[in-house]
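These notes are about the structure you will find just below.
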Amino acid sequence: MSMSSVGRPTQPAAAIVSEAHTSLTGGRGLLQDEPLLFELGGWDKTGVDLPAAEHDASDLGDLVRASPIGLAGLSEPETMRHYVRLSQKNHAIDLALYPLGSCTMKHNPRLNEKMARLPGFADLHPLQPQSTTRGALELMDRLAHWLKTLTGMPAVALSPKAGAHGELCGLLAIKAAHEAAGHANRRTVLVPTSAHGTNPATAAFVGYSVQEIAQTDDGRVDLADLEAKLGPDVACIMVTNPNTCGLFERDIIEIARVAHAAGAYFYCDGANFNAIVGRVRPGDLGVDAMHINLHKTFSTPHGGGGPGAGPVVLSAALAPFAPAPWIVHDGDGLKLVEEARDEAAQAFGRMCAFQGQMGMFVRAYAYMRSHGADGLRQVAEDAVLNANYIKARLSGVMTPAFPEGPCMHEALFDDAWLEGTGVTTLDFAKAMIDEGFHPMTMYFPLVVHGAMLIEPTETESKRELDRFCDALEALAVAAKAGDVDRFTGAPYLAPMRRLDETLAARKPKLTWRLEPEAPSAAA
Amino acid sequence: MRYLPLTPEDRAQMLGVIGAPDIDALFVDVPEAARKQALFDLPLHGGELEVERELGQLAGMNRAAGEGPFFCGAGAYRHHVPASVDHIIQRSEFLTSYTPYQPEIAQGTLQVLFEFQTQVAALTGLDVANASMYDGSTACAEAVMMSQRVNRRKKGILSGGLHPHYAATTQTIAHAEGMTIVRLKAAIDAEAAVIDAIDDETACVVVQTPNVFGVATDVTKIAEAAHAKGALLIVVTTEAVSYGLLKSPGEMGADIAVAEGQSIGNALNYGGPYVGLFTAREKLVRQMPGRLCGETVDAEGRRGYVLTLSTREQHIRREKATSNICTNSGLCALAFTIHLSLLGETGLRQLAALNHSRAREMRDALAVVPSVEILTPRFFNEIAIRVPGDAAALVEALLADGIVAGVPYSRLDPHAGLDDILLLAATETTTPADISALTAALKGRIAR
């Protein structure tokens, strides 16, 4: 029992229960309506104290900006309050299960954050003399060793900045290898219909054309269709394994074999590596290149949409074409080779300025060291166990897309069970928000009707999994019982009701602009 | 294993519910030959203390920029970031959320992105900004790729003042896509040669200001020349604080402006993660790469924000997307926006003025060092100097004096024949004592 400030017990007045109570000022209790920075701040307000400049900018003449920039400033307390209030409108892993399939939303250990902020890593300039960055090079080398060992691949390019950037790196290596072998005519990439959108987008980005590979009824690559499409024009296949249906490609070794036999390379989308880390090495499957999303498998935080990191492991055939920079062991220890032309004429170029996402390397390495060989294997096992548990628990009320056999780290359902209810996958997902969960990935992969792709990850307790399954079961029962409004109007209890995305796209308003009638807060 | 909540009893119970005899039964689809039964040859799990010790040791082998006089720039800059910035970005709701696919429970991230886009558009003097790219160099490459979608031409011209890493990144991607890239010769005043290179087949011209040698240029004439030939002008900036003092790309006629945003809100991080800024004129918006956040209303008519115009993007358009980018630099963009909120118009102008002032002091001090030639006429916070002999060797020698004296140009571009050029930056973190230490040590080393 809590006590009021005058020492009397506080008790809710049982009679006053209102279902549609609204505040007088627009907020919802602790959830405040928060204006934009530009409506709050002023051009003359600032939250920093800087010394005056000793010299003016007269030497710059007409290069000086004469007109107002149009920024708004806030004092420090106002800044804290503005962004903390905004933060409270977000769902997050730290609040509840975040089952976005193919995104691997696992717990982000705070030790990793602490390590990445050590001045010896965070306050290190990418171009300071290499003799002053030996520890950084050593860390990158150790990270590379772990990635190579875990994948069974001989080489790794660390610099790609996210998964899609890693795909680009892998395809550029493949393209360079074909060109070096006089096979520049190989310009087709075969991609399963269930692939991530980044796969065909990446292929097109390097000037390749995309052809789709059919899928079998049990959610795998159709080997016969693949073989029929493999020819002298094919540069590579891009296959996700485990695939986006959450299934391991049983024929993977044969898939690699026929691709190689046809002169094509095998690019593996490593987005789902979490399912097999420590148990299966992609190198043993015949993979030539695979990106590893450090922000998925190795727990670097997703940060509201990045930054990620997408190192690419490469087979011996592709390793010579890896982009600059890379680390070599020479007499004095480790050396960063930054210029491709000098030491390896075959390197295809450069993915970005500098060395890649060092901040993510530190976090991922701290995570690997924390888990070790034994822990990482347990990661895959628990991730797969959790997904199969969800699949088993929900199969009574929902329809799994591939009921036969186990899934890997994600459980895929279709919308057959919603037929006739008047509720769509989207509605169901929005109703999950009212129950306190982030929705699963919806309508992906495209090959499954009304797809719901649930990836719990290994960092969920059985209690949280049960809470999640109980909520989805209750919703499923409600949907089938005709409680349609609960879904079609959802969410009711989120910081916002359903948002009008059509309006946003029809009349794009992408920046704040001072409306003529509005007060001149930031003129 | 502190990150794994399942107990052995949980696992047994769950296998029971699934109807599997053991965990191996769930991996039955993996071909026999690829199943690893033994543990990998890697260390076993370690406690926090053990891991912290190992990483602390590695960090200790590096010399942090803040340990002494430090003058490196060339695309990454050491600035002071207010403590509140890092505090806010470590809030769970920002740190451990993802791309705002469900806008009803991601308004925090979305409103920040809308503020970020507004700030970036204001800084660059252009109309629309996206929700960030990986970094400045990849933003530059994407801008060049975008230009060919706009005018259907296949040739890009890169100024010799463009950061060599940016040029290499752009060449790598453009080459793969079949674009021709003309990279002009590196020179202090490289912008002067740009106009003559523009022809009727030019898709875009890429000019950096301040350029890699620190030179600030008015690119208005280049914009006019590009537009006269139907080409786009892409303006690159690697030091975002310069927007607080210098004319914006938009004011000078840029069609697309890209920048490295690291300077505002983000640490040096040995090269990443950083945050790429990408802005363009409004009429080009449908050719832009990356995520865009837009304003809308919810079912009750309340203002809110969503990701929009996603028909440009890979998850909808697949091979017809404007880019393959998915994950970008959300948290770095958040840090950028918070820092810029703290600065505001006044603070950014003060900060920029202070940077310029410190660089003037550095320039004046270096100007009286015998045998040192100042090469940069008009600059923001970075200059190039010519030193007797090899600049890289000089930097190594000055380390013994406790000074990190900048970036030898040859580190960026070993084949340019500019081995005697040293790039030095000064920011608000540079003190008069740092500058005195630099010039004293330089005098000593050059005299020897």
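Tabulated data
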item	result
B:H415-A:S131 FRET efficiency (beta carbon distance; Förster radius 22 Å; 0.05 resolution)	0.45
The stretch A:89-127 versus the stretch B:1-41: alpha-carbon centroid distance in Å	26 Å
Relative contact order [Cα under 8 Å, 6+ residues apart], chain A, whole percent	18 percent
FRET efficiency, B:A400 to B:V285 (Cβ-Cβ, R0 60 Å, nearest 0.05)	0.70
Estimated distance in nm for a label pair at A:R506 and B:K221, the labels positioned 7 Å out from Cα along Cα-to-Cβ	4.9 nm
Proximal charge balance of B:Q111 [Cβ under 12 Å; K/R count +1, D/E count -1]	-2
Peptides ranked, highest mean first, by Cβ atoms within 10 Å: ranges B:109-117, B:173-181, A:282-290	B:109-117, A:282-290, B:173-181
Relative contact order [Cα under 8 Å, 6+ residues apart], the stretch B:197-294, whole percent	22 percent
Folded to 0 to 90 degrees: helix B:136-151 orientation relative to chain B principal axis, Cα	90 degrees
Cβ crowding within 10 Å averaged over residues, with A:406-415, B:367-376, B:308-317 ranked highest first	A:406-415, B:308-317, B:367-376
FRET efficiency estimate (nearest 0.05) - Cβ-Cβ, B:A393 to B:H80, R0 56 angstrom	0.95
Among A:T244, A:Y208, A:V221 - extreme Cα towards positive end, dipole of the stretch A:201-338, charges at beta-carbon	A:T244
More than 27 angstrom apart: percent of Cα pairs within the stretch A:112-367	34 percent
Equivalent ellipsoid, the protein assembly as shown (semi-axes from 5 times Cα gyration tensor eigenvalues, Å)	44, 34, 27
Rough spin-label spacing in nm, given labels placed 7 Å along Cα→Cβ, for B:V17 and A:L24	4.8 nm
Relative contact order (%) - the stretch B:83-339, alpha-carbon pairs under 8 angstrom, separation at least six	26 percent
Average partner coverage of B:245-257, which counts Cβ from other chains inside 10 Å	2
Cα convex hull of chain B, projected area averaged across orientations, nm²	27.7 nm²
When each of B:K155/B:K229; B:K154/B:K247; A:K509/B:K283; A:K89/A:K462; A:K89/A:K161 is checked by Cα-Cα distance, pairs over 20 Å	B:K154/B:K247; A:K89/A:K462; A:K89/A:K161
The stretch B:267-314: translational diffusion in µm²/s, Stokes-Einstein, Kirkwood Rh over Cα pairs, 4 °C, 1.567 mPa s	97 µm²/s
Shielding by partners, peptide B:163-176 (average Cβ within 10 angstrom, other chains)	6
Counted charge near B:A74, where neighbours are those whose Cβ lies closer than 13 Å (Asp, Glu -1; Lys, Arg +1)	-3
Per-residue average of Cβ from other chains inside 10 Å of B:80-86	3
Burial order of peptide ranges B:389-402, B:29-42, B:258-271, B:241-254 (average beta-carbon count within 10 Å, highest first)	B:258-271, B:241-254, B:389-402, B:29-42
Distance between the stretch A:145-194 and the stretch A:269-334 - C-alpha centres, whole angstrom	10 Å
Cα pair distances of the stretch A:317-444 binned at 5 Å [whole percent]	2, 8, 10, 12, 11, 10, 10, 10, 9, 8, 6, 3, 1, 0, 0
In degrees, nearest ten, helix B:107-124 long axis to first principal axis of chain B (Cα)	10 degrees
At least 24 Å along the helix axis (C-alpha) and Kyte average at least 0.0, DSSP helices within chain A	A:163-180
The stretch A:350-371 residues near the modelled B:R2 label - backbone nitrogen below 15 Å, point 7 Å along Cα→Cβ	A:366-371
Percent of beta bridges antiparallel (DSSP, chain A, rounded to nearest 5)	60 percent
Extension gain, B:D200 back to B:A33 (0.36 nm per residue minus Cα-Cα distance, nm)	54.2 nm
Whole-Hz couplings from phi, Karplus 6.51/-1.76/1.60, listed for the stretch B:250-267; x for Gly and Pro	x, 4, 9, x, 5, 8, 10, 10, 10, 7, 8, x, 3, 3, 9, x, 10, 6
Cα gyration tensor category, rounded, prolate or oblate, for the stretch A:218-345 with a/c compared to 1.5	oblate
A:D470 versus B:I446: modelled label distance in nm, points set 7 Å from Cα along the beta carbon direction	7.6 nm
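Rule-based calculations on the coordinates, nothing more; no lab input. Because the structure is predicted, anything quoted here is derived from the model rather than measured. Note that we place each Cβ from the backbone using ideal geometry, even for glycine, and neighbour counts take in every protein chain shown.
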